[in-house]
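Just below is one structure, and these are the notes that go with it.
The values are calculated or read from the model by the stated rules, or taken from the named source; none is laboratory data. The shown structure was predicted, so the numbers you read here are calculated from the model rather than taken from an experiment. No Cβ is skipped: glycine too gets one built from the backbone with ideal geometry, and neighbour counts run over all protein chains shown. These area figures cover heavy atoms from the full protein model, side chains too; ligands, DNA and RNA do not enter into them. Shrake-Rupley method; radii C 1.70, N 1.55, O 1.52, S 1.80 Å.
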Amino acid sequence: MAGSSAVYTPCRPSAHGRHRALRPVGLLPAPGRVGLLPARTRARASLVATAPARTATEEAVYEVVLRQAALVEELQGKKRTRDAGTRRWREEEQEAELGWGLLGDAYDRCGEVCAEYAKTFYLGTQLMTPERRKAVWAIYVWCRRTDELVDGPNSSYITPKALDRWEKRLEDLFEGRPYDMYDAALSDTVTKFPIDIQPFKDMIEGMRLDLWKSRYRTFDELYLYCYYVAGTVGLMTVPVMGIAPDSKASAESVYNAALALGIANQLTNILRDVGEDSRRGRIYLPLDELAQAGLTEEDIFRGKVTDKWRRFMKGQIQRARLFFDEAEEGVMSLDSASRWPVLASLWLYRQILDAIEANDYNNFTKRAYVGKAKKFLSLPAAYARAAISS
């Protein structure tokens, strides 16, 4: 099953789904109106006199982006006074029910899960304020648990009804009725930040797709899937990571760039794991583009690197890099304490594309990865870059 890049953190791939590397979804600004379109649309736009209209899929996703941006702007405009009384009441009610110590334990346990499965990112969260750090941990754990429903050891028992129950549980925790300690941490988090439920529901929708869909006819279809399982994470975490007070970027453009990084991460997962997915009967590549390149599904299952395959892969990698470029443009619009983990993760993940090229585009039998030496070199460089004020 194709995976989800979730939260601002990497997640260890499960045995079944290698794409779900719960990765940070960046929050960066995109300039101008055309910048609000996905990178692949902007790439097309550069070839024509006027930018093309968004597709129905892009429009649907864009509506979610606008909704999230409106929440942040409303909160900023009212200087965090919106629903303050209600929020305090809900926090006090929840703390009374759970006990202050139990809520603290819930956050600590989320941190332990993050530290176990996302070591580098966990280290980066130590630079954040305690409130933001705990909130990111809570979101990470929810995304990981959601992912495990369809990619974990019990995935063969998961049905659409099970996902419906998980969605009802999500609604309950947003209403202040958590089921367990992990839910309690997220329930508390959503009272403290302007986080909307829609991206969480959309991620569950991506899990539903994984139960039955194994082919994507066009990139438009694939784009929607990538949004569901990865782009959603950026929308969940932007309110927590925060926008730099001196940033001139609009909340709308920051959310749009967060979406771009999620798409970039997921496309990278897909390109890295072509062979692995094909051995499970799955193809997460646009079938129409394969046909245009003179390739068929049988060519994927055969797993032979040819000149046609190399040309096809070059185009796919170029598109993923466009999304990464769009994302990186606005890293400096993040709050200073949140920049490093996002930028470091972006740089490290983008290097997987370099590794695919170094393997002569053989993603059938060779797994592209970033070696420890390159990782260690990237981390201080990303820290230095992130420390530069915009």
> So what's the gap between the Cα centers of segment 330-390 and segment 114-160, to the nearest angstrom?
Replying inline: 20 Å
> Which of the residue pairs 213/366; 168/192; 119/374; 314/375; 304/366 have a Cα-Cα distance greater than 18 Å in the structure shown?
Replying inline: 213/366; 168/192; 314/375
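Please calculate how many Å² of accessible area segment 230-292 carries per residue, with a 1.4 Å probe and no DNA, RNA or ligand atoms counted.
23 Å²
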>> Can you find, among 191, 222, 271, the residue sitting farthest towards the positive end of the charge dipole of segment 188-303, where Lys and Arg contribute +1 and Asp and Glu -1 at Cβ?
In response: 191
> Which percent of Cα pairs goes in each bin when the distances of segment 255-384 are cut into 5 angstrom slices starting at zero?
Replying inline: 2, 10, 20, 20, 18, 12, 9, 6, 2, 0
>> Under the rule of at least 5 residues apart or a separate chain, name every residue whose amide H is placed under 5 Å from the amide H of residue 243.
In response: 335
>> For a quick check of understanding: with a 1.4 angstrom probe and all protein chains in place, what accessible area in square angstrom does residue 119 have, to the nearest ten?
In response: 140 Å²
